[in-house]
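The values are calculated or read from the model by the stated rules, or taken from the named source; none is laboratory data. Nothing here was measured: the structure is a model prediction, and the numbers come from that model. Using ideal geometry, Cβ is built from the backbone for each residue, glycine included, and neighbour counts are taken over all protein chains shown.
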Amino acid sequence: MEKRTDKNSYTILFAIGMVLVVGSLLAFAAASLKPKIDENRRIEKQQNILYAMGVNNNEEGSVAFISTDVVADEFTKYIKKQIIIQGDKVTEDANAYLIDIKKEQTAAKTASYQRRLPLFIGEKDSKTFYIAPIRGKGLWDAIWAYVAMDKDMVVQGVFFDHTGETAGLGANINKRFFMDDFIGEHLLSNGVFKGIKVAKGNADPLNKDKTDHEIDAIAGATITGDGVSAMLRSELKLYVPYFKTLKTN
Amino acid sequence: MGLLSKKDAQLITDPLTDNNPVTIQVLGICSALAITAELEASLVMAISVLFVLSIGNVVISLMRNIIPSKIRIIVQLIVVAALVIVVDLVLKAFAYELSKTLSVFVGLIITNCIIMGRFEAFALANGPWKAFLDGIGNSLGYGVILIIVGFFRELLGSGTLFGIPVLGDPIAKTGLYSIGYENNGFIIMPPMALIVLGIIIWIQRSRNEALIEEH
């Protein structure tokens, strides 16, 4: 005897019903939670930016952001100015940190569009930090970073993050042992932009030489590491003209 | 176990030993290779699968009499994907830090063959309570293997456990490293997980010859 559930009509109706139920459930969940998620993302951005300039609750070996309830105050306290660089034009904008780097990168593919480059200027212990948000590709998905530099483009701190790099391998770019290596590294060599390479077979694993433009790579995470190098090179290069104007003024 | 009948208890204990989903049924190998370079990642994955598989098994089991058999695989896939996505959204809204840690695993959970395998082989034919126990048992069996593999790979590959150095400092040459020991960078690579897994299978079958298939 044919079961009721084997009929074609039943199968089709079931499929339609299932799609409707699951679809509306997911749509409902996504729509009702979106404001909360967006707010979490905004707070995270502020935490990341502050982390890069050394405002964090790090203990030995750990990555700890300042807590979410103080981040708004700390952000206004430390970040003195937010600017948007568009060609030669530099404008101040208190919400520059909300600019979506991904959208800017896509828009910049059309030749007529001049990409907006946000830069956050922070001050801590009478030192000035220039923090650039950048974005690139890892092995599986997007990777991004906040790089804090001084006026000579010497790295003062970084924060890396990723969507879905391999756990235990590429995902380790947001660990201290990787990120801390960048501190003190030079991006410029005699005024020419060279970037920082995530290098295999690095001759300097203790990272004593800060002007070799190289960081020790993570074993098993070659593609992610190459993605980091490429991101630093192509994105930070765009900021070089602005840093040159800092010198002449 | 006074709480469970003997048969129910077997649903939990069998997958831990003679019917292990990874070493006997050879399911879930992809994630066992991918994320066992570190003990912490193994543990997180094991807990996530425990959660998804036990709840998913119950959902499928409740629906088992109304699912049309022709599209049952698609229905199973939708259930597990919807479950994972909803959990991911809720975590993003209310436990953002935790969701950051887990985001890497979401794709791996949905495509984990153990989940589909248990839906297909067990939940479609049994009641919700049994399916729930089966889910717990199989994810524990999966988790145990993951943790064993993760333990050896992290220890031999990086000289650490849960990120804490246990063999000394490889760069400053302290502890074991002072007498010439070196981390085996090769074991960090996914293929070496297969070899560790192979050794576990070997040990298990040599201890219990009933598990060796006849040819």
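Hey, can you tell me all the residues within the range A:1-36 that are among the small types (Gly, Ala, Ser), facing chain B (nearest Cβ under 7 Å) and closer than 23 Å to B:Ala95 by Cα?
Of everything in the range A:1-36, those that are among the small types (Gly, Ala, Ser), facing chain B (nearest Cβ under 7 Å) and closer than 23 Å to B:Ala95 by Cα turn out to be A:Ala29, A:Ala30.
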Tally up the residues in the range B:73-125 that are under 25 Å from B:Asp8 (Cβ atoms) and either of a type in the set (S, T, N, Q) or not in a helix (DSSP H, G or I) (or both), please. 4
Quickly run through the range B:30-48 and pick out the residues that are among the β-branched types (Val, Ile, Thr) and crowded, with 17+ Cβ neighbours inside 10 Å. B:Ile35, B:Thr36, B:Val44
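Specify which of the listed residues (A:Gly201, A:Gly227) is free of Cβ contacts under 8 Å to residues at least 24 places away in the same chain, assigned by TED's automatic domain parsing to the domain that holds A:Pro133 and over 13 Å from A:Met149 (Cβ atoms).
Residue meeting the stated conditions: A:Gly201.
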Restricting attention to the range A:174-202, which residues are within 14 Å of chain B (Cβ to nearest Cβ) and closer than 12 Å to A:Ile215 by Cα? A:Phe177, A:Phe178, A:Asp180, A:Asp181, A:Lys200, A:Gly201, A:Asn202
Within the range B:183-215, which residues are modelled with pLDDT of 85 or more and farther than 30 Å from B:Ile171 by Cα? B:Gly198, B:Ile199, B:Ile200, B:Ile201, B:Trp202, B:Ile203, B:Gln204, B:Arg205, B:Ser206, B:Arg207
Condition first: in the same structural domain as A:Val154 (by TED's automatic domain parsing), hydroxyl-bearing (Ser, Thr, Tyr) and modelled with pLDDT of 85 or more. Can you find one or more residues in the range A:31-38 that meet it? no
In the range B:180-215, how many are assigned to a helix (DSSP H, G or I), β-branched (Val, Ile, Thr) and touching a Lys or Arg at 6+ places or on another chain (Cβ under 9 Å)? 3
Filtering the range B:166-183 for residues that are in contact with a helix residue (DSSP H, G or I) (Cβ under 8 Å, 6 or more places away or on another chain), loosely packed, with under 14 Cβ neighbours inside 10 Å and of a type outside the set (A, V, I, L, M, F, W, C) leaves a count of 1
All conditions in (1) away from chain B (no Cβ under 13 Å); (2) at pLDDT 90 or above; (3) in contact with a strand residue (DSSP E or B) (Cβ under 7 Å, 6 or more places away or on another chain) are true of A:Leu50 except (3)
For A:Glu39, state whether it is within 11 Å of chain B (Cβ to nearest Cβ) and either of a type in the set (Asp, Glu) or closer than 20 Å to A:Lys127 by Cα (or both). yes
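Quick one: which of A:Ala64, A:Ala94 is exposed (fewer than 15 other Cβ atoms within 10 Å of the Cβ) and either more than 25 Å from A:Asp150 (Cα to Cα) or within 13 Å of chain B (Cβ to nearest Cβ) (or both)?
Going through A:Ala64, A:Ala94 in turn, just one is exposed (fewer than 15 other Cβ atoms within 10 Å of the Cβ) and either more than 25 Å from A:Asp150 (Cα to Cα) or within 13 Å of chain B (Cβ to nearest Cβ) (or both): A:Ala64.
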Scan the range B:49-72 and give yes if some residue there is in a helix (DSSP H, G or I), within 11 Å of another protein chain (Cβ to nearest Cβ) and under 30 Å from A:Arg41 (Cβ atoms), otherwise no. no
Picked from the range B:92-144 (must be of a type in the set (Lys, Arg) and over 16 Å from the mean Cα position of the chain (by Cα)), the residue farthest from the other protein chains (Cβ to nearest Cβ) is B:Lys130
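Hey, can you tell me all the residues within the range B:5-37 that are within 14 Å of another protein chain (Cβ to nearest Cβ) and over 13 Å from B:Val144 (Cα atoms)?
Across the range B:5-37, the qualifying residues are B:Cys30, B:Ser31, B:Leu33, B:Ala34, B:Ile35, B:Ala37.
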